[in-house]
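Undergrad: Sharing a structure here in structure tokens format.
The values are calculated or read from the model by the stated rules, or taken from the named source; none is laboratory data. Not measured: the values here are computed from a predicted model. Backbone-built Cβ (ideal geometry, glycine too); neighbour counts: all protein chains shown. Heads up: the accessible areas ignore ligands, DNA and RNA and are worked out on the full protein's heavy atoms, side chains in. Shrake-Rupley method; radii C 1.70, N 1.55, O 1.52, S 1.80 Å.
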Amino acid sequence: HHPVVVCHSKGEMGKSGEISAANYVARKYGIKAMMMIGTARKLCPNLVVLPYEFEEYKRVSDTMYEIMFGYTARVQPMSIDEAYIDVTGLSAKDVIDVFEMRTGDRMSTSDVQDITVGSLVAMCIRKEIKAKTGCDASAGIGP
């Protein structure tokens with residue numbers, strides 16, 4: 001895996017630009033959003049810089065939200081790629097039924113008996129996002 005950022009500038013001589021996103025590999029070099037590309041290139045000379053692709057972001061975001069709303073109507077969008085999801089009242093069986101209906105994949109309750117419903121929802125959503133968009137997704141689970 002390569003260190004990758006999204007920025008409108010490649011950081012060539014005389015050009016500057018602000019990084020809007022950095023993958024986990026780039027973050028290991030200390031690179032982060034809102035950093036100037038020139039600073040980032042000093043930290044990591046082999047940095048891969050990708051241009052903005054707004055139509056693709058919208059497509060992936062729309063898909064991600066469609067997936068989340070498939071599990072519960074209680075989704076609070078926070079940004080193009082972040083949301084809070086309330087899974088109160090869902091059972092593991094509910095989640096498995098939705099996952100199987102949406103993906104065609106089979107899942108047994110015995111496969112997931114030792115995890116919380118929140119963790120199960122996160123696992124299902126992450127798998128579906130990866131399958132439908134090719135993008136990895138992270139999830140944090142609260143009480």
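Undergrad: Within region 5-97, list the GluC sites (Glu not before Pro) lying in a DSSP loop whose Cβ has at most 16 other Cβ atoms in a 10 Å radius.
TA: Details: sites: Glu12, Glu18, Glu53, Glu55, Glu56, Glu66, Glu82; in loops: Glu12, Glu53.
Within region 5-97, the qualifying GluC sites (Glu not before Pro) (loop, at most 16 other Cβ atoms within 10 Å) are Glu12, Glu53.
Undergrad: Something else now. Using just the helices of the chain, give the 222 nm mean residue ellipticity in deg cm²/dmol: DSSP H runs with n ≥ 4 each add -39,500 (n - 2.57), and the total is spread over all residues, rounded to 500.
TA: Working: 5 runs with 58 residues, N = 143.
Roughly -12500 deg cm²/dmol at 222 nm, from the helical runs in the chain.
Undergrad: Oh, and also: Given region 1-104, what percent of its DSSP beta bridges are antiparallel, to the nearest 5? Before the final figure, lay out the partial values.
TA: On the way: 7 of 10 bridges.
Given both bridge residues lie in region 1-104, the antiparallel proportion sits at roughly 70 percent.
Undergrad: Rounded, prolate or oblate: pick one for region 103-143, where a ≥ b ≥ c are the square roots of the eigenvalues of its C-alpha gyration tensor, a/c under 1.5 means rounded, and failing that, prolate if a/b is larger than b/c, else oblate.
TA: Details: a/c = 3.32, a/b = 1.19, b/c = 2.79.
Since a/c reaches 1.5 but b/c is at least a/b, the shape of region 103-143 is classed as oblate.
Undergrad: For the chain, what is the relative contact order in percent, using Cα pairs closer than 8 Å and at least 6 residues apart in sequence? Can you show the working numbers first?
TA: Working: 178 pairs, mean separation 22.9, N = 143.
Value for the chain: 16 percent.
Undergrad: Let me ask something else about it. Take His1 and Glu18, extend 7 Å from each Cα along the Cα→Cβ direction, and tell me the distance between the two endpoints in nm.
TA: Output for this residue pair reads 2.6 nm.
Undergrad: Now a separate question. Over the chain, what percent of the accessible surface lies on carbon and sulfur atoms, probe 1.4 Å?
TA: The C+S portion of the solvent-accessible surface of the chain is 56 percent.
Undergrad: Sticking with this one: How much of Met101 can a 1.4 Å solvent probe reach, expressed as accessible area in Å² and rounded to 10?
TA: Surface open to solvent at Met101 totals about 150 Å².
Undergrad: State, in angstrom, two size descriptors of region 25-79 derived from its alpha carbons: Rg to one decimal place and Dmax to the nearest whole number.
TA: 16.1, 45
Undergrad: If you don't mind, there's one more thing I want to ask. Compute the accessible area per residue over the chain, keeping the other protein chains in place, probe 1.4 Å, unit Å².
TA: Spelled out: the 1.4 Å probe surface of the chain, per residue, equals 65 Å².
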